[in-house]
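Peer 1: Here it is, the structure in full.
The values are calculated or read from the model by the stated rules, or taken from the named source; none is laboratory data. Given the structure is predicted, the values throughout are model-derived calculations rather than measurements. For neighbour counting, all protein chains shown are included, and Cβ atoms are generated from backbone atoms with ideal geometry for every residue, glycine included.
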Amino acid sequence: MSYPDIGNLQISADNESEHAGVPSGNSNTYTQGYESQQGQNEDCCARAEWLHSGDEQEIIITDAQKSSEGAGSVYIAYVIRSGNVETRRRYSEFESLRNSLSKLYPTLIIPPIPSKQTIGDYAIKQSKAKEDASLIARRRRMLQVFLNRIARHPILSNEHVFHRFLERDVSWSEVMNSPPITHLPKNILKAPAHNPLEPSPAHDALPVPSPSHPLRHPDQRFLDSESFTQKFEAHLTGPLEKVTRRTSKRWVEYAHDTAELGAALNALSLSLPPHESDAVERTGQAVDAAYVDATKLVQSIEAGWTEPLREYAMFAGIIRRLLVYRHQKHVQYEMMQENLDSKRETLEEYERSEAEAQRLQSALSVATAPRRPSPSLTPNNPTVALPSPTSNTGNEGLSPRPGASPAPSADSLTQSPTQVSIPDPDDFSTQNAWGGDDGPSWGQGARSQAWASRISSGLSSTIGAATNAAANAASSVAGASSEATLPATAPSAGPSRATGPIHRRGGSGAKGFLNALSHSFQGIMDVDPETARRNGISRTKDGITQVEQALFVATQDLKYASSTIQADLDRFQRQKVADMRDMCIAMAVAHRDWAKNNLQAWEEAKKEVAKIEPHPNCPPPEKSDVPKSP
């Protein structure tokens, strides 16, 4: 199966066959990706059946009632009617519903809700801030739009949590403390993009990058989307919002002025003669009608133009955060790819070192291999003799018997150190073999110490000569690198064991303890490089396996997030065009109704004013050929 490109990302069919359990994205990802998230169908309950009954169903918030929790604080409960079912929800429950949907569907554009009250509202109105009629009316309209946008969404309308929000006598706190809400992860970046409720162990290995982390290979489509969203948000929150607020303010001031003018004209009509007072009173009534119509115009502009502009400014912020989520998923993919490349390079270095070590091991084994069997190095063996004093300066006290064999060669000393035995100086045969009778008659303890000194000096010089011979042979091997060392442990271990001091019987216990402690520290410090290298290879291979799994889930998440977010952005663009058309029509209808009502009121006032006789000095009015408007 071939996958479409997601920016610079291409998923191969080989990876799909290796991880067949992970869902793959396709052209139907947007409509099918979330259907199995809760394991339910569209008609899971009565509210789902009503939402998908075929007709365009509308959810209405009919009222906002003041409620209280026993002796607790007072809050506003909004009465929601969906079909023939009514339920009451407070603002905090709307907020928790939206937050839950944002975590359940991290790749979808969740509609906004009206913002909370600012600190300035509380500072100005204090305890009456929650009871502000205009604030409650605005919230009621925007919360109704929020519910209807979810009900018309092709995916969000199937969510059972939303259905329970519309049901009667359902405790919302119980919904928030039960699945699927309780199964949501703490961080959605460590959960699958298609279903955050089912994270895998591979997702735990994913990093949590910063939103500002740069990308090596960004997707140009989403860069363009981000740039357009920023410009759109800047325009909505900038000049358009300022002009709209200033226009609404002036209409409100105009309405207040007309209200005062109408009251003044009505008061004036009371002091005029009857034939004049009627005309002035009718004019005052027309001005009062202008006040009423201006107030309606301000309300229509607020509901049909200003609030949608605020909503789309919030939509821009939501889309920006959605693109940040997709950006972080892309960063996760690139970071895991870099991590995998780094670990593979480390493994290659380990394998090259292992191959070089094996080659050197083979070469040194051939160079230092014994050419004949080597007897054990014992004093009673007539075929092996320690070097004479003439060949070892400083060892004049060691005088082997005449006729002993010459010193062994380097080849004969490459055997295991376990074959080298230390003679017992108290043994009579040992004394005879090593010339013990030629010296003076010593005590047993002094004789043991002298014999230990002789044996230590002799073995040290003999095995040192063997080690030098082996090193000279190894240096002549063709192709040996500067890192070559004698791999066999026998020559290095031999001197340390043969030349170690032999203490007298009944010697100092403290000295023996210090020697044992020194030997233990030496064992800790002496790490075998071959074992360390092989352990490093094993750990690196395990790390590569884990990173490959994490890279695969990061690839799948990025591909799914890219396709789903792009599809929802396309849907949002179509929705935005339709909403902009409705906003412009609402603005035109509001001004048309205001102008139509004003025209009717002023035409009636004109008829009443025309009943007043004209002044004799004034010429009669000319007839106008301009037809009257209907």
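Peer 1: If I filter the range 32-53 for residues that are modelled with pLDDT of 95 or more, within 30 Å of His217 (Cβ to Cβ) and out of contact with any helix residue (DSSP H, G or I) (no Cβ under 8 Å at 6 or more places or on another chain), do I get at least one hit? Write out each step before concluding.
Peer 2: In the first step, residues of the range 32-53 are kept if they are modelled with pLDDT of 95 or more; the result is none.
No, the conditions are met nowhere in the range 32-53.
Peer 1: Could you pull out the residue among Pro211, Pro179, Pro218 that is of a type outside the set (A, V, I, L, M, F, W, C), farther than 21 Å from Gln546 by Cα, in the same structural domain as Leu104 (by TED's automatic domain parsing) and in a loop (DSSP other than H, G, I, E, B)?
Peer 2: On the way: Pro211 fails: in the same structural domain as Leu104 (by TED's automatic domain parsing); Pro218 fails: in the same structural domain as Leu104 (by TED's automatic domain parsing).
The match here is Pro179.
Peer 1: Follow-up. Got at least one residue in the range 320-331 being touching a Leu at 6+ places or on another chain (Cβ under 9 Å) and aromatic (Phe, Trp, Tyr)?
Peer 2: yes
Peer 1: Also, I was wondering about something else. Quick check on the range 92-106. Is at least one of its residues within 27 Å of the chain's Cα centre (by Cα) and either assigned to a loop (DSSP other than H, G, I, E, B) or assigned by TED's automatic domain parsing to the domain that holds Ala316 (or both)?
Peer 2: Among the residues of the range 92-106, at least one is within 27 Å of the chain's Cα centre (by Cα) and either assigned to a loop (DSSP other than H, G, I, E, B) or assigned by TED's automatic domain parsing to the domain that holds Ala316 (or both), which makes the answer yes.
Peer 1: State which residue is surrounded by the fewest Cβ atoms within 10 Å (Cβ to Cβ) when the search covers only the range 239-267 and only residues that are within 18 Å of His591 (Cα to Cα) and of a type in the set (S, T, N, Q).
Peer 2: Thr247
Peer 1: Then there's this: Return the residue satisfying two criteria in turn: it lies in the range 272-291 and is small (Gly, Ala, Ser) and under 60 Å from the mean Cα position of the chain (by Cα), and of such residues it is surrounded by the fewest Cβ atoms within 10 Å (Cβ to Cβ). Before you say what the answer is, go through the steps one by one.
Peer 2: Of all residues in the range 272-291, those small (Gly, Ala, Ser) come to 277, 279, 284, 286, 289-290.
If we keep only those that are under 60 Å from the mean Cα position of the chain (by Cα) as well, we get 289-290.
Working: Ala289: 19, Ala290: 23.
Step by step, filter the range 272-291, then rank; the result is Ala289.
Peer 1: Do you know which of the residues in the range 139-176 that are in a loop (DSSP other than H, G, I, E, B) and not charged (D, E, K, R) is surrounded by the fewest Cβ atoms within 10 Å (Cβ to Cβ)? Spell out the reasoning first.
Peer 2: First, the residues of the range 139-176 that are in a loop (DSSP other than H, G, I, E, B): 153-155, 159, 167-171.
Then drop every residue that is not not charged (D, E, K, R), which leaves 153-155, 170-171.
Details: His153: 21, Pro154: 13, Ile155: 20, Val170: 13, Ser171: 10.
Looking at the filtered set, the residue picked out is Ser171.
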